[in-house]
Amino acid sequence: MITLFLNKSKQKQKIIRLKKKGIIKYPLYDIIVTYKNLKNKGRAIEKIGFFNPQNNVKFFSINNYRLSFWLLKGVIINYTIKKYLVKFFVN
(Lines give C-alpha, C1' and ligand atoms only; values in the text may rest on other atoms or scores of the structure.)
Protein backbone atom coordinates (compact mmCIF):
# COMPACT_ATOMS: atom_id res chain seq x y z
CA MET A 1 0.00 0.00 0.00
CA ILE A 2 1.39 3.37 -1.05
CA THR A 3 0.33 6.50 0.80
CA LEU A 4 0.96 9.92 -0.65
CA PHE A 5 1.01 12.99 1.49
CA LEU A 6 0.51 16.19 -0.44
CA ASN A 7 1.84 19.36 1.13
CA LYS A 8 -0.92 21.86 0.76
CA SER A 9 0.50 25.33 1.14
CA LYS A 10 -1.69 26.94 3.75
CA GLN A 11 -1.77 30.58 2.86
CA LYS A 12 -3.28 32.83 5.45
CA GLN A 13 -6.45 34.56 4.32
CA LYS A 14 -6.23 38.35 4.15
CA ILE A 15 -9.03 40.77 4.96
CA ILE A 16 -9.68 44.51 4.63
CA ARG A 17 -11.05 45.91 7.89
CA LEU A 18 -11.06 48.84 10.29
CA LYS A 19 -8.40 49.32 12.96
CA LYS A 20 -9.45 51.62 15.78
CA LYS A 21 -7.27 54.45 16.99
CA GLY A 22 -7.95 57.78 18.65
CA ILE A 23 -9.06 58.64 22.15
CA ILE A 24 -12.19 58.12 24.26
CA LYS A 25 -15.28 59.73 22.71
CA TYR A 26 -13.26 60.64 19.60
CA PRO A 27 -12.65 57.42 17.63
CA LEU A 28 -10.71 57.34 14.39
CA TYR A 29 -10.22 54.29 12.21
CA ASP A 30 -7.56 53.16 9.75
CA ILE A 31 -8.61 50.96 6.84
CA ILE A 32 -5.99 48.22 6.74
CA VAL A 33 -5.16 44.97 5.02
CA THR A 34 -4.30 42.28 7.57
CA TYR A 35 -4.46 38.56 8.14
CA LYS A 36 -7.92 37.30 9.07
CA ASN A 37 -6.88 35.47 12.23
CA LEU A 38 -5.14 38.47 13.84
CA LYS A 39 -6.87 40.64 16.40
CA ASN A 40 -8.09 44.15 15.65
CA LYS A 41 -5.00 45.71 17.24
CA GLY A 42 -2.72 43.34 15.33
CA ARG A 43 -0.06 44.06 12.76
CA ALA A 44 -1.24 45.46 9.43
CA ILE A 45 0.17 44.52 6.05
CA GLU A 46 -0.77 47.88 4.54
CA LYS A 47 -2.82 50.95 5.44
CA ILE A 48 -5.03 51.90 2.49
CA GLY A 49 -7.24 54.61 3.99
CA PHE A 50 -8.94 56.08 7.04
CA PHE A 51 -12.41 56.85 8.39
CA ASN A 52 -13.58 59.61 10.76
CA PRO A 53 -17.10 58.81 12.05
CA GLN A 54 -17.75 62.05 13.94
CA ASN A 55 -21.31 63.40 13.80
CA ASN A 56 -20.63 66.49 11.70
CA VAL A 57 -17.69 65.28 9.62
CA LYS A 58 -18.19 61.65 8.44
CA PHE A 59 -14.96 61.61 6.41
CA PHE A 60 -14.07 58.41 4.49
CA SER A 61 -10.90 58.25 2.41
CA ILE A 62 -9.45 55.22 0.61
CA ASN A 63 -6.74 54.68 -1.99
CA ASN A 64 -8.70 53.23 -4.93
CA TYR A 65 -5.59 51.90 -6.68
CA ARG A 66 -4.47 49.88 -3.65
CA LEU A 67 -8.03 48.71 -2.98
CA SER A 68 -8.34 47.31 -6.52
CA PHE A 69 -4.85 45.76 -6.22
CA TRP A 70 -5.82 43.84 -3.09
CA LEU A 71 -9.21 42.84 -4.49
CA LEU A 72 -7.49 41.31 -7.52
CA LYS A 73 -5.31 39.33 -5.09
CA GLY A 74 -8.49 37.80 -3.59
CA VAL A 75 -8.73 39.68 -0.31
CA ILE A 76 -12.03 39.58 1.59
CA ILE A 77 -13.72 42.87 2.49
CA ASN A 78 -15.28 43.30 5.93
CA TYR A 79 -19.04 43.99 6.00
CA THR A 80 -18.57 47.45 7.53
CA ILE A 81 -16.13 48.49 4.80
CA LYS A 82 -18.55 47.25 2.12
CA LYS A 83 -21.33 49.29 3.68
CA TYR A 84 -19.28 52.49 3.69
CA LEU A 85 -17.98 51.92 0.15
CA VAL A 86 -21.56 51.69 -1.09
CA LYS A 87 -22.70 54.65 0.99
CA PHE A 88 -19.92 57.08 0.02
CA PHE A 89 -18.97 56.03 -3.53
CA VAL A 90 -22.06 54.63 -5.22
CA ASN A 91 -24.45 57.52 -4.50
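Can you confirm whether residue 43 is among the charged types (D, E, K, R) and at pLDDT 90 or above?
On the way: among the charged types (D, E, K, R): yes; at pLDDT 90 or above: no.
When the stated conditions are applied, residue 43 does not pass them.
Any chance you could count how many residues in segment 14-55 are free of Cβ contacts under 8 Å to residues at least 12 places away in the same chain and either surrounded by 14 or more Cβ atoms within 10 Å (Cβ to Cβ) or farther than 21 Å from residue 69 by Cα (or both)? I'd like the intermediate steps shown before the answer.
Residues of segment 14-55 that are free of Cβ contacts under 8 Å to residues at least 12 places away in the same chain, as a first pass: 21-25, 38-39, 42-43, 55.
So of that shortlist, the ones also either surrounded by 14 or more Cβ atoms within 10 Å (Cβ to Cβ) or farther than 21 Å from residue 69 by Cα (or both) come out as 21-25, 38-39, 42, 55.
Matching residues across segment 14-55 total 9.
Restricted to segment 67-91, and to residues there that are in contact (Cβ under 8 Å) with a residue 12 or more places away in the chain and among the polar types (S, T, N, Q), the residue that is farthest from residue 52 (Cα to Cα) is 78. Among strands (runs of 3 or more DSSP E) entirely within segment 26-91, having at least 1 residues that are out of contact with any Asp or Glu (no Cβ under 9 Å at 6 or more places or on another chain) and closer than 12 Å to residue 14 by Cα singles out 26-35, 46-52.
Working carefully through the options 81, 76, 62, find the one that is farther than 20 Å from residue 22 by Cβ and surrounded by 12 or more Cβ atoms within 10 Å (Cβ to Cβ). Working first, answer last.
Numbers: 81 fails: farther than 20 Å from residue 22 by Cβ; 62 fails: farther than 20 Å from residue 22 by Cβ.
After applying the criteria, what remains is 76.
Checked against (1) under 14 Å from the mean Cα position of the chain (by Cα); (2) at pLDDT below 90; (3) of a type in the set (S, T, N, Q), residue 54 passes all but condition (1).
The values are calculated or read from the model by the stated rules, or taken from the named source; none is laboratory data. Keep in mind it's a predicted model, so treat the numbers as computed, not measured. Note that each Cβ is placed from the backbone with ideal geometry, even for glycine, and that neighbours are counted across all protein chains shown.
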